[in-house]
């Protein structure tokens, strides 16, 4: 099917295929396995590209597959072009793919990275600060109280559920301390992410580069690497040793893929 | 017709509540021991405990008819509730005692009332009574977890942290939800902003005015 689709793609005149794949890149951002073009749009495409229904489907599915793989591996445009040429796709068409990917790819990858799926997600934060003057059981209060509104959206419904939580000064301070602590953990996590990311590429040079630049994460790097990726142990130890060197001596630009 | 104090109005207001008036009438020839038992039971009731058994045993062991006892208990309850309502900065112990003397109550009883209102149990009484007032749920328990998604079906290297929070509120509800990092930073910013506003508010002169 892939080869057949290739031949269909190859047979498309260059100008038209460029437009087709450019449009398609925009729609691939849904990546939900649903039909990206409506029936009407498909008809227009068939007319524009002079393809029958089956051929068009094949072309669209193949393009989708190529782009999904590109997103999954976060491949560089040049590498994508090279890979497509290896599977005997016309260099012109490969270049079109590569250019579309270069234009829309990074944004798409970022969007997917941010798109966490969870049954319930926090969407909105609102608040209100009140000064309570009295209540049934007490007069002359003058106590400040804050109401935090958390808008939580469920995966399976459009409606947002509002949760209201009240805090007095002391309770709010305790909550804020907890939130700050979580923030510190999140920051460490980000450092760990960087270390994990580079360690997996099994590139001592890169590890050294990162670890020297961000001293704080040196220890975390060692722990995570040693624990999660056993064969990265060597890599991790190298990181620690080199960390004492000044940054300018070890600043290497990592060769990413 | 009740009479108010010549200088300042009593802490009970311009008009003495009827329960308190009837209590002061019925407190005649009540011995101190019985009074203390009743006061103790009423304080427990105000703190939210079930004191039906205690009341029953006191009523059975006493020579005073139940009707009179019920007037006394009602009066005590009302008196203590009204006294707890006013913060100690506004109602001083001496003024409180003076107001009770106006009701022609024996001095021992006044001392006992005073020790409840201005003593160590006051905080518990205040907390218990404010429970019944309307308020939004407060945060009872806050649990969290930081996750890093290494890989997803769409991306082989996602590496995005996210925070999973579980909140238990005072009304018993549980809320478990995921907070993306950007929203978490927004939440942190907003909480810091509220704290700053609260600090500014507390420094303002309106709060320094004593009443």
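Odds and ends about this structure:
- Scanning segment B:141-175 for residues that are within 30 Å of residue A:133 (Cα to Cα), more than 7 Å from chain A (Cβ to nearest Cβ) and either out of contact with any strand residue (DSSP E or B) (no Cβ under 6 Å at 6 or more places or on another chain) or surrounded by 15 or more Cβ atoms within 10 Å (Cβ to Cβ) (or both) yields B:167, B:168, B:170, B:171, B:172, B:173.
- Top-ranked residue in segment A:82-91 [being more than 25 Å from the chain's Cα centre (by Cα) and surrounded by 13 or more Cβ atoms within 10 Å (Cβ to Cβ); ranked as farthest from residue A:66 (Cα to Cα)]: A:90
- Assessment of segment A:125-135 against the conditions (within 19 Å of residue B:127 (Cβ to Cβ), touching a helix residue (DSSP H, G or I) at 6+ places or on another chain (Cβ under 7 Å) and not in a strand (DSSP E or B)) yields no matching residue.
- No other residue among A:113, A:120 is modelled with pLDDT under 85 and touching a strand residue (DSSP E or B) at 6+ places or on another chain (Cβ under 7 Å) apart from A:113.
- Residues of segment B:41-56 that are within 17 Å of residue B:74 (Cβ to Cβ) and touching a residue at least 12 places away in the same chain (Cβ under 8 Å): B:41, B:42, B:43, B:45, B:46, B:54, B:55.
- Qualifying residue in segment B:88-99 (condition: at the interface with another protein chain (Cβ under 7 Å from one of its Cβ atoms) and at pLDDT below 85): yes
- Condition broken by residue A:79, with the remaining ones in (1) farther than 29 Å from residue B:150 by Cβ; (2) assigned to a helix (DSSP H, G or I) satisfied: (1)
- Contact annotation: residue pairs with Cβ atoms under 7 Å, 6 or more positions apart or on different chains, pairing a residue in segment A:127-140 that is facing another protein chain (nearest Cβ under 7 Å) with a partner that is in a strand (DSSP E or B), are A:127/A:146; A:127/A:147; A:127/A:148; A:127/A:149; A:129/A:144; A:129/A:146; A:131/A:144.
- Filter pass, residue B:178 being modelled with pLDDT under 95, surrounded by 14 or more Cβ atoms within 10 Å (Cβ to Cβ), in a helix (DSSP H, G or I) and within 8 Å of another protein chain (Cβ to nearest Cβ): no
- Restricting attention to segment B:54-74, the residues being over 19 Å from the mean Cα position of the chain (by Cα) and within 24 Å of residue B:128 (Cβ to Cβ) number 11.
- Considered as a group, the residues in segment B:185-194 that are at the interface with chain A (Cβ under 7 Å from one of its Cβ atoms) and touching a helix residue (DSSP H, G or I) at 6+ places or on another chain (Cβ under 8 Å) include one that is surrounded by the fewest Cβ atoms within 10 Å (Cβ to Cβ), and that residue is B:192.
- Yes/no for residue B:132 being loosely packed, with under 14 Cβ neighbours inside 10 Å, within 7 Å of chain A (Cβ to nearest Cβ), at pLDDT below 90 and more than 22 Å from residue B:90 (Cα to Cα): yes
The values are calculated or read from the model by the stated rules, or taken from the named source; none is laboratory data. Just so it is clear, the model here is predicted, and its values are computed rather than measured. Glycine gets a Cβ as well: all are built from the backbone with ideal geometry, and neighbour counts include every protein chain shown.
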